[in-house]
Amino acid sequence: MITLDNLGILCIVMGLPFFLTGTVGLLRFPDIYTRLHALTKADNVGLGLIILGLSLQADNLFTVAKLILIWILVLIASSASCHLVARSAMQKNIHPWVK
Amino acid sequence: MSYLHISCALIILCSIAAGMIRILSGPTAADRMMAAQLFGTCGVAILLLLAKGMDTIVLLDIALVFALLAALATITFVRRAWHEQSGVPRR
Amino acid sequence: MITNMLYSLGGLLLFIMGLFALIACSHPLRKILAVNVMATGVFLILIATAYKQAGAGEIDPVPHAMVLTGIVVSVSVTALALILACRVQETSNRSLSQQRKNDFTGAGE
Amino acid sequence: MMSYSILTVFDIVLISTLLWLAWKMLRSEDIFKAVVLFISFGLLMALAWVRMRAPDVALAEAALGAGLTGPLFLSALRRMERLHKDERRVDIDEERKSDRTLDTKQKEAL
């Protein structure tokens, strides 16, 4: 039986592998740019799935609005800092990894 | 109290503890700082899950503060503290 | 009850670690970090004494107010200590290089 | 009872991570690594306050401990390293000057 609550649980559980993938990428990838890529993308998608699941389980509309606001803020902050780190690394002549 | 949400938060906490290895063994300063950024994102997720799991809706405000201030440390790092090995090409 | 014990033990260990590093390390920045860790350990013990489980009644608000004040005071003390450490290093460096210069040119004699 | 036990597991993982972080922070050789570990330590302390049902303290810790103290330490580190570099540059100049005077003395002797 599919209710809104179970759908939320499904979304939350689906968000967990993205976080684990982000951490594995941070640990295993060879240079700064690939690590930035793994960290910023995978974690934000995982957070988006968790927020989707929590919004499906939320009590009122105000909580849903706050959750979505948190996600937008995390997206802005993490993309801005990722861009800054990558540009600064390029300016410091740190070359991307080639095979 | 919800069993599922707290165990999901526990899994993300284990992922944070694994990300600490990158802080300890990062070759450049930027790697260490990126791991701190991972702590910020995962901390927001843990706070959201605990807000549902422990039935305290106040934690959403703390997650908002986290989301705003986790980027501040990275920006300060890039603007003011990153000056190692400038001009040295690195493979 | 086990949660109180766990967090109190963690706070105690943090305090001991900070005290050890405060005595053993010589770099001023690391001494400031050690004082911060010690303060965190004390806060953790204070909050752990006030903790009660979800259904076990209201939490005592007095330790919370003390810890809140303590966090703000600790941040201002840290800022002041950092400025003082920078100034100490600046002054000692200048006097050191001045002294070396005097030794080299023989002006100090 | 089930959620109580999972919360205890959460506490144990959180406290052991905090203690490991503090130990590595205070015993690391590199001072920049210690500062980054301190920022992460502040973020995890906010989680510990949340777990102790003290959201007011957690809000203050997230804003001050993680958001303000980290940039303060980074700025102070930058300033101290710059001072250190200046001091070293003065030393190198002095060494060059002493080498030059030695050279001129040797030439005069020749």
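Rule-based calculations on the coordinates, nothing more; no lab input. Owing to the predicted nature of the structure, the values given are computational and were not obtained by experimental measurement. Cβ atoms come from the backbone with ideal geometry, glycine included; neighbour counts cover every protein chain shown.
Lysine pairs in the protein assembly as shown with Cα distance under 22 Å, only those 8 or more apart or on different chains: how many are there? Going through the protein assembly as shown pair by pair, I get 16. Each semi-axis of the equivalent ellipsoid for the protein assembly as shown is √(5λ) with λ an eigenvalue of the Cα gyration tensor; in descending order they amount to 45, 26, 16 Å. Compared with the dominant principal axis of the Cα atoms in chain C, helix C:2-24 is inclined by about 10°. Summing Cβ point charges (Lys, Arg +1; Asp, Glu -1) relative to the Cα centre of the protein assembly as shown gives a dipole of roughly 1140 debye. Each stretch of four or more DSSP H residues adds -39500 (n - 2.57); spread over every residue of chain C, this sum gives -30000 deg cm²/dmol at 222 nm.
Across region A:83-99, computed HN-Hα scalar couplings (Karplus, 6.51 cos²θ - 1.76 cosθ + 1.60, θ = phi - 60°) run 4, 4, 5, 5, 5, 5, 5, 5, 5, 8, 6, 8, 7, x, 6, 10, 6 Hz from first to last residue, x flagging Gly and Pro.
Between the Cα long axis of helix C:61-105 and the first principal axis of chain C there is an angle of about 10°, rounded to the nearest 10. Placing a pseudo-label 7 Å from each Cα along the Cα-to-Cβ vector at C:Glu90 and A:Ile72 gives an inter-label distance of 4.4 nm. The angle separating the long axis of helix B:59-76 from the principal Cα axis of greatest extent in chain B is about 0 degrees.
Could you list which residues have their amide H under 5 Å from that of C:Lys52, counting only those 5 or more apart in sequence or on another chain, with H placed in the peptide plane? Those lying under 5 Å, H to H, from C:Lys52: there are none. Computed from phi, the 3J(HN,Hα) profile of region D:53-65 under the Karplus parametrisation 6.51, -1.76, 1.60 (θ = phi - 60°) reads 6, 10, x, 5, 5, 5, 5, 5, 5, 5, 7, 8, x Hz, with x in place of Gly and Pro. The mean sequence distance of close C-alpha pairs (under 8 Å, at least 6 residues apart), as a share of the length of chain B, puts its relative contact order at 31 percent.
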